[in-house]
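Engineer: My structure is below; once you've seen it, I'll send some questions.
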Amino acid sequence: IFLFSLRTLKGGGPALEELALEGDPNSINFTVPMRQHKDCNFSYAGLKTPVRLAIESRNLCTDDIPISSATEEDRQLRANIAASFQRIAVLHLEDRCQRAVEWALKMRPSIKNFVVLLLTSMLGPA
């Protein structure tokens with residue numbers, strides 16, 4: 001969340017979601033992490049660097065300018081990065097869950113329930 005200079009009074013997730021709603025989720029071509037791995041491991045670590053690089057390559061000064069003071073163009077760039085991040089984060093979660101379901105069904109074909117528990121803070125403290 002610090003990468004976007006968002007106000008996080010409601011928490012980092014809601015702040016990122018609010019910004020992402022303004023963006024184009026297909027504007028930045030982030031790669032889904034760990035797609036080549038055929039296990040059930042999960043990590044957003046592979047997304048943090050591409051997000052940072054997307055911000056840096058667009059010369060966004062997120063350290064000095066909070067989102068509330070950003071120009072319209074700057075805000076749109078941040079929103080596009082946020083939306084693109086969210087799209088890839090969800091695709092990553094879908095991939096890993098699909099892999100886990102396939103693995104679980106192979107191990108125990110009668111399985112009826114699948115639970116996902118995420119304990120992560122991808123972008124650091126709010």
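The values are calculated or read from the model by the stated rules, or taken from the named source; none is laboratory data. Bear in mind the structure is a predicted one, so any value in this text is a computation, not a measurement. Note: ideal-geometry Cβ built from the backbone for every residue, glycine included; neighbour counts use all protein chains shown.
Engineer: Among the residues of segment 30-37, is any among the aliphatic types (A, V, I, L, M), on the phi < 0 side of the Ramachandran plot and at pLDDT 80 or above?
Structural biologist: Going through segment 30-37, the residues among the aliphatic types (A, V, I, L, M) turn out to be 32, 34.
Then drop every residue that is not on the phi < 0 side of the Ramachandran plot, which leaves 32.
The next check asks that each one be at pLDDT 80 or above; those that pass are 32.
Yes; the residues of segment 30-37 include at least one that is among the aliphatic types (A, V, I, L, M), on the phi < 0 side of the Ramachandran plot and at pLDDT 80 or above.
Engineer: Can you run down the residue pairs with Cβ atoms below 9 Å, 6 or more apart or on separate chains, where the first is in segment 101-118 and surrounded by 10 or more Cβ atoms within 10 Å (Cβ to Cβ) and the partner is part of a loop (DSSP other than H, G, I, E, B)?
Structural biologist: Matching pairs, first to second residue: VAL101/ILE111; VAL101/PHE114; TRP103/ASP39; TRP103/CYS40; ALA104/CYS40; ALA104/ILE111; ALA104/PHE114; LEU105/ILE111.
Engineer: Working only within segment 1-24, note down all residues that are part of a loop (DSSP other than H, G, I, E, B), at pLDDT 75 or above and surrounded by 15 or more Cβ atoms within 10 Å (Cβ to Cβ). Working first, answer last.
Structural biologist: Filtering segment 1-24 down to residues part of a loop (DSSP other than H, G, I, E, B) leaves 1-11, 21-24.
Now narrow it down to the ones that are at pLDDT 75 or above: 21-24.
Within segment 1-24, just GLY23 meets the criteria.
Engineer: Now for a different question. Just to check your reading of the model, which residue among SER110, SER68, SER27, SER43 is assigned to a loop (DSSP other than H, G, I, E, B), of a type outside the set (Val, Ile, Thr) and at pLDDT below 90? Quick ask: steps written out before the conclusion?
Structural biologist: Details: SER110 fails: at pLDDT below 90; SER68 fails: assigned to a loop (DSSP other than H, G, I, E, B); SER27 fails: at pLDDT below 90.
Answer to the check: SER43.
Engineer: For segment 74-88, give me each residue that is touching a helix residue (DSSP H, G or I) at 6+ places or on another chain (Cβ under 7 Å) and surrounded by fewer than 20 Cβ atoms within 10 Å (Cβ to Cβ).
Structural biologist: Across segment 74-88, the qualifying residues are ARG75, GLN86.
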